[in-house]
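The next block holds one structure in the form of structure tokens; read it before the comments.
No lab work stands behind these numbers, since they all come straight from the coordinates. The shown structure was predicted, so the numbers you read here are calculated from the model rather than taken from an experiment. Methodologically, a virtual Cβ is constructed for each residue, glycine included, from the backbone with ideal geometry; neighbour enumeration extends over all protein chains shown.
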Amino acid sequence: MTLHLYNTASRRKEEFRPIRQGEAGLYTCGPTVYDVAHIGNMRAFLTFDLLRRTLELRGYKVRHVLNLTDVDDRIIQGLSRENLSLEEYTAKYTDLFFADMDRMKILRAHENPRATKHVDAMITLIKRLEEKGLTYEANGSTYFSVSKFADYGKLSGMSLDQLQSTGRVDSDQYEKEEARDFALWKGWTEADGPVVWETALGRGRPGWHIECSAMSMQYLGETFDIHAGGVDLIFPHHENEIAQSEGATGQPFVRTWIHNEMLLVEGEKMSKSKGNFTILDDIFQKGYEGRHVRYAYLQAHYRQPFNFTWKGMEQAVAALEGLEDFRLRVREARGDKPNEALDPILKKGEKAFDEALDDDLNSARAIAALHTFVSDANRVGFSSADAPRVEAFLSRTDSVLGILGATEQAVLTKEQADLLEQREAARRRKDFDEADRLRNLLREKGLEVRDGPGGSTWRRLADGGRSGPR
Ligand SMILES: [Zn+2]
């Protein structure tokens, strides 16, 4: 099987066929840096990460662009509230955004273009639309005339008769019922304060939608492979991106549109008024790590709503402890005779894992394939001669899932290694008092030792003695 992705534009799963063989251009709508990202936003960023890592597993050289919206209506409102300059204000939330991405082990995009640094490209694009007669000016602003673009509505599935009563809309976000001419360039008003550019289109600032058209085409070309975002962006944002881009170039803008579903918190829509508004910090403060969050999220297919629950987080911890435990037992396996019964199990596991991801990034099934592999391997057993193959399998799956702890966890300090050795010696000479004393000492040094029929194994205790969350 080859990679198949559900394309919102065609409303079916399609084989992924890139424009240039072996390469994939990926544009993902990034954050508006006006607030801390909440765990609903996180679902989109994690979906982008899953997509990017799957493409890389499948051998594509990915060029990933994630923009930062650093000027828009909400940012300007925030500026006056916090009494900061545009640069200071957006830098603060940009730093917080990247810190969250790093904690979630989300790979950094190759490019993070900022809207304020690409105003010239937006002006050029608006000028092209103007030449084609797709724009008009009113009160110092420039609008896109949706009725002049015959394909308007094709992504979100609106018919053109819904667009008969055209008026104009100035705000960046609006509902489908208000499908209207939208602002490409917003003439300066008093509310904009110091946020203003002097351009060929007059004094003002860009609308939100034009930035993604201008920047995606600048970095990936007029037609590129994949554009992704949350379902809430299908209308109006992505619909408007198509109109602006295809209106200007006359070329197809994007080959595959990917949209992730929304997130619920304990079965309810998240909102500040409901008091269930959750940010990553709320999760980390309870002792969970990014990999626990990843595991919980990836257990739902990205096109299904995901219900975030604290119980689900606990289950993620237990499941990951099981996987880590397995990895440690592989590393500590005894005997040097390879077990041939593992060969078909490794093969079957890899096939099931890849097929799950090839089927529109079915991460839930990929995780299930990993668990099946672990129980199969436990059933037939393994020796130290098998460890490299099994570890390679685990690393390969983890290159996409990113749910296992850092591998340096396996590295011991000299002191820890010496103590472990002394304890083994004490056990061999049946000096159990000394073995117990050394076990306690090792615990203080952050290692838990367990004795089993095949010898002793150890595991690292998080934060020197605290095992697992809380
Ligand atoms: Zn966008």
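Each residue of the stretch 219-226 was assigned a 3J(HN,Hα) from its phi angle through the Karplus expression (A = 6.51, B = -1.76, C = 1.60, θ = phi - 60°), giving 8, 10, x, 5, 10, 9, 6, 9 Hz with x at Gly and Pro.
Rg and Dmax, both from the Cα atoms of the stretch 173-294 and both in Å, are 18.7, 53.
Remind me, relative contact order of the stretch 4-260 in percent, using alpha carbon pairs under 8 angstrom and six or more residues apart? Relative contact order comes out at 24 percent. Report, for the chain, the % of DSSP beta bridges that are antiparallel, rounded to 5. Rounded to the nearest five, the antiparallel share is 50 percent. Helices in the chain, meaning DSSP H runs of at least 4 residues, each add -39500 (n - 2.57). Divided by all residues, the mean residue ellipticity at 222 nm is -13500 deg cm²/dmol. Charge dipole of the stretch 99-141 (Cα centre as origin; +1 on each Lys and Arg Cβ, -1 on each Asp and Glu Cβ, all else neutral): 220 debye, rounded to the nearest 20. Here the extension length gained between SER383 and ARG12 equals 129.0 nm, from 0.36 nm per residue of separation less the Cα-Cα distance. Between THR278 and ILE39, the built amide H atoms are under 5 Å apart, and every one of these is 5 or more places off in sequence or on another chain.
The stretch between LYS148 and TYR136, if pulled fully straight at 0.36 nm per residue, gains 3.2 nm over its current Cα-Cα span. If you wrap the Cα atoms of the stretch 1-122 in a convex hull and average its projected area over all directions, you get 9.2 nm².
Please state, as a whole number in µm²/s, the translational diffusion coefficient that the Stokes-Einstein equation yields for the stretch 231-329 at 10 °C and 1.306 mPa s, with Rh defined as the Kirkwood radius across alpha carbon pairs. Rounded to a whole number, D works out at 97 µm²/s. Normalising by the residue count of the chain, find the relative contact order in percent from Cα pairs under 8 Å and 6+ residues apart. With pairs under 8 Å counted, the relative contact order is 15 percent.
Against the globular-protein guess of 2.2 N^0.38 Å, express the Cα radius of gyration of the chain as a ratio, rounded to two decimals. Don't skip to the answer; put the middle values down first.
Working: Rg = 26.6 Å, N = 470, 2.2 N^0.38 = 22.8 Å.
Expressed relative to 2.2 N^0.38 Å, the Cα Rg reads 1.17.
Pairing the Cα long axis of helix 239-249 with the longest principal axis of the chain, what angle in degrees results, from 0 to 90 and rounded to the nearest 10? Helix 239-249 and the main axis of the chain meet at about 70 degrees. Take every Cα pair under 8 Å whose residues are at least 6 apart in sequence, average their separation, divide by the length of the stretch 412-460, and the relative contact order is 27 percent. Cross-link candidates for LYS337: which aspartates and glutamates have Cα within less than 13 Å, leaving aside residues fewer than 8 places away along the same chain? Output for LYS337: ASP386. Quick check: the angle from helix 119-131's long axis to the longest principal axis of the chain, C-alpha only, nearest 10 degrees? Taking the Cα atoms of the chain, the angle to 119-131 is about 50 degrees.
Using bins of 5 Å that start at zero, the share of Cα-Cα pairs per bin across the stretch 280-408 amounts to 2, 10, 20, 21, 19, 14, 8, 4, 2, 0, in whole %. Take the Cα of LYS286, step 7 Å toward its Cβ, do the same at SER80, and the gap between the two points is 3.9 nm.
Going by how many other beta carbons lie within 10 Å of each one, how would you line up HIS38, HIS238, fewest first?
HIS38, HIS238
Residue separation of HIS4 and ASP325 scaled by 0.36 nm, minus their Cα-Cα distance, works out to 112.2 nm of gained length.
Rounded to a whole number of µm²/s, how large is the Stokes-Einstein D of the stretch 4-260 at 25 °C and 0.890 mPa s, given Rh as the Kirkwood radius over C-alpha pairs? This corresponds to a translational diffusion coefficient of 131 µm²/s.
Over 31 Å apart at the Cα level, from the set LYS61/LYS286; LYS272/LYS311; LYS13/LYS348; LYS286/LYS430; LYS286/LYS445; LYS186/LYS274, are LYS61/LYS286; LYS286/LYS430; LYS186/LYS274. Label sites at SER375 and GLU434, each approximated as a point 7 angstrom past Cα along Cα to Cβ, lie 4.4 nm apart.
For TYR34, neighbours were defined as the other residues whose beta-carbon sits under 12 Å from its Cβ, and their charges (Lys and Arg +1, Asp and Glu -1) total -3. Over all distinct alpha-carbon pairs, what is the Kirkwood Rh of the stretch 412-460 in angstrom? About 10.6 Å for the stretch 412-460.
Taken along the Cα-to-beta-carbon direction at a fixed 7 Å, the label points for GLU448 and GLU111 span 4.8 nm.
For TRP208, TRP185, TRP458, TRP310, the sequence from fewest to most other C-beta atoms within 10 Å is TRP310, TRP458, TRP208, TRP185.
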